[in-house]
Amino acid sequence: MGSCRGSSPAVLAAGPLRAGGEPLRRATPARLSGAPDKELLTANNRTFDSGLTYARIAKKARMAMIEQKTIRKEIRLDGAGVHSGKSVHLVLKPSDTGEITFRRTDLGNLESPIEPGRIESRNSTTLVGDKFRVQTVEHLVAALYAFGVNSLIIELDADEVPIMDGSALPFVRALEQAGTQGLSRKIPALKILKPFAVEEKGASIVVEPVEAGDVLWLSYTIEYPHPSIGRQSLSLTFRPETFARDIAPARTFGFIRDVEMLHSQGLALGASFENTVVLDDENVMNPPLRFPDEFVRHKLLDIAGDLALLGRPLLGRVTAHKAGHRLHFQVVQFLAASPDFWTDA
């Protein structure tokens with residue numbers, strides 16, 4: 001989830017960035033860097049297809065395929081939503097459907113699959129179904145993404161995934177205990193072919209091809225004018241073992257000065273010292289930290305969860321600077337709508 005503070009809506013824009021040796025030229029806000037004369041997709045001037053399906057995003061599959069996985073046995077977890085404060089019972093069930101589907105048992109088993117066109121951000125990642133919503137899905141889907149689980153039924157009896165301890169570690173431990181199993185279906189990965197960038201108000205994300213190897217390489221930099229955070233950067237190759245060790249334990253964080261404002265907006269009602277790293281103007285109020293740079297590691301957790309909304313593995317280099325959920329979503333939605341920038345692998 002990252003910092004509990006809000007952020008302004010992000011738009012796709014070009015900046016003076018370079019990716020993979022190819023210049024990303026400065027352009028007007030209606031142009032995409034690295035792709036002259038290509039109209040940009042933004043929340044303001046074009047509506048993304050909310051009916052985007054796996055069949056459409058994977059229409060070019062002709063190459064090596066990745067085995068789909070589900071879990072071996074059911075997982076049950078209880079907790080509370082960090083924003084709603086409501087108690088929630090979460091059940092993960094094995095499935096052979098080939099997709100991850102959220103099911104609201106409190107609403108007559110209404111269902112919605114994860115799709116790039118069904119996401120919103122308000123201090124967390126929200127899946128928007130036809131008749132319901134599920135908030136704060138990013139930590140759970142990041143863990144599923146890392147373990148390669150892409151066929152699953154997720155049942156819950158409230159409108160938010162439980163925050164647990166503020167990290168993805170409880171989900172990792174549950175998945176390790178349940179185990180995974182392969183299915184007969186296979187899907188292609190999405191491999192970046194051409195670089196592009198999204199940028200807003202000093203924040204940016206550059207996406208580019210990897211120089212060698214079929215991997216997802218993530219890099220994140222944050223800058224906060226706070227003595228306990230400051231500037232933090234971390235880069236790593238996204239693999240199950242690196243996720244479990246270096247990313248999953250990092251907890252969400254927030255500032256005590258923002259609590260009243262967030263509560264007035266119906267947010268952070270379930271936040272506590274047990275599930276959030278809380279900072280005052282000088283210090284961490286509930287030490288110790290799990291890592292000296294726990295804050296940037298949690299941002300890597302958030303972006304992994306948001307990239308998982310593509311519905312298939314991503315192969316490329318993603319470099320984020322002072323970004324957040326809304327900028328992450330612009331990357332996901334642009335890739336979903338721009339097949340010229342990727343190929344199946």
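The values are calculated or read from the model by the stated rules, or taken from the named source; none is laboratory data. Since this is a predicted model, take the numbers as computed values, not measurements. Every residue, glycine among them, receives a Cβ derived from its backbone with ideal geometry; neighbour counts consider all protein chains shown.
What residue, of Thr242, Thr221, Thr252, is closer than 25 Å to Thr180 by Cβ and under 20 Å from the mean Cα position of the chain (by Cα)? First the steps, then the outcome.
Working: Thr221 fails: closer than 25 Å to Thr180 by Cβ; Thr252 fails: closer than 25 Å to Thr180 by Cβ.
Result of the check over Thr242, Thr221, Thr252: Thr242.
Here is a list: Gly117, Gly148. Which entry is farther than 28 Å from Phe295 by Cβ and surrounded by fewer than 19 Cβ atoms within 10 Å (Cβ to Cβ)? Break it down stepwise before answering.
Numbers: Gly148 fails: farther than 28 Å from Phe295 by Cβ.
After applying the criteria, what remains is Gly117.
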TODO: Give segment 113-151 a look and list any residue that's of a type in the set (Gly, Ala, Ser), touching a Leu at 6+ places or on another chain (Cβ under 7 Å), assigned to a loop (DSSP other than H, G, I, E, B) and at pLDDT below 95, or say none.
DONE: Gly129
Open item on the list: Show the residue pairs meeting these rules: Cβ distance below 7 Å; 6+ apart or different chains; first residue within segment 99-119 and on the phi > 0 side of the Ramachandran plot; second residue in a strand (DSSP E or B).
Closed with: Asn109/Arg103
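Need a quick list: strands (runs of 3 or more DSSP E) entirely within segment 200-286 having at least 3 residues that are out of contact with any helix residue (DSSP H, G or I) (no Cβ under 6 Å at 6 or more places or on another chain) and either outside the structural domain of His321 (by TED's automatic domain parsing) or of a type in the set (S, T, N, Q) (or both).
Values: elements: 203-208, 216-224, 230-237, 253-255, 277-279.
Per the criteria, 230-237.
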Task: Which numbered condition Phe291 fails, given (1) over 20 Å from Val137 (Cβ atoms); (2) of a type outside the set (A, V, I, L, M); (3) under 12 Å from the mean Cα position of the chain (by Cα) - done: (3)
Open item on the list: Residues that are of a type in the set (Asp, Glu) and either farther than 27 Å from Arg122 by Cβ or within 15 Å of the chain's Cα centre (by Cα) (or both): does segment 171-180 have at least one?
Closed with: yes
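From the residues in segment 271-290 that are in contact with an Asp or Glu (Cβ under 8 Å, 6 or more places away or on another chain) and not aliphatic (A, V, I, L, M), which one is surrounded by the fewest Cβ atoms within 10 Å (Cβ to Cβ)?
Among those residues, the one meeting the criterion is Glu274.
Being part of a helix (DSSP H, G or I) and acidic (Asp, Glu) is the filter here; which residues of segment 166-199 pass it? First the steps, then the outcome.
Kept after step one, since they are part of a helix (DSSP H, G or I), are these residues of segment 166-199: 169-178.
Selection gives Glu176 alone.
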- [ ] Tell me which residues, restricted to segment 88-112, are closer than 15 Å to Thr70 by Cα and either at pLDDT below 90 or in a strand (DSSP E or B) (or both).
- [x] Val91, Leu92, Lys93, Pro94, Ile100, Thr101, Phe102
Task: Residues of segment 120-149 classified as free of Cβ contacts under 8 Å to residues at least 24 places away in the same chain and under 21 Å from Pro94 (Cβ atoms), total - done: 0
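Under the condition of being touching a Ser or Thr at 6+ places or on another chain (Cβ under 6 Å) and buried (at least 21 other Cβ atoms within 10 Å of the Cβ), which residue from segment 307-328 is farthest from Val277 (Cα to Cα)? Walk me through how you get there before you give the answer.
Taking segment 307-328 first, the residues touching a Ser or Thr at 6+ places or on another chain (Cβ under 6 Å) are 319, 321, 324-326.
After this cut, where a residue has to be buried (at least 21 other Cβ atoms within 10 Å of the Cβ) as well, the list is 324-326.
Details: Gly324: 18, His325: 19, Arg326: 22 Å.
Filtering first and then ranking leaves Arg326.
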Open item on the list: Going through Ile154, Ile163 one at a time, which residue ends up being outside any loop (DSSP other than H, G, I, E, B), of a type outside the set (S, T, N, Q) and either without any contact (Cβ under 8 Å) to a residue 40 or more places away in the chain or buried (at least 23 other Cβ atoms within 10 Å of the Cβ) (or both)?
Closed with: Ile154
Task: Phe273 being over 17 Å from Glu160 (Cα atoms) and in contact (Cβ under 8 Å) with a residue 60 or more places away in the chain - done: no
Open item on the list: Can you confirm whether Arg239 is of a type in the set (D, E, K, R), under 23 Å from Asp78 (Cα atoms) and surrounded by 12 or more Cβ atoms within 10 Å (Cβ to Cβ)?
Closed with: no
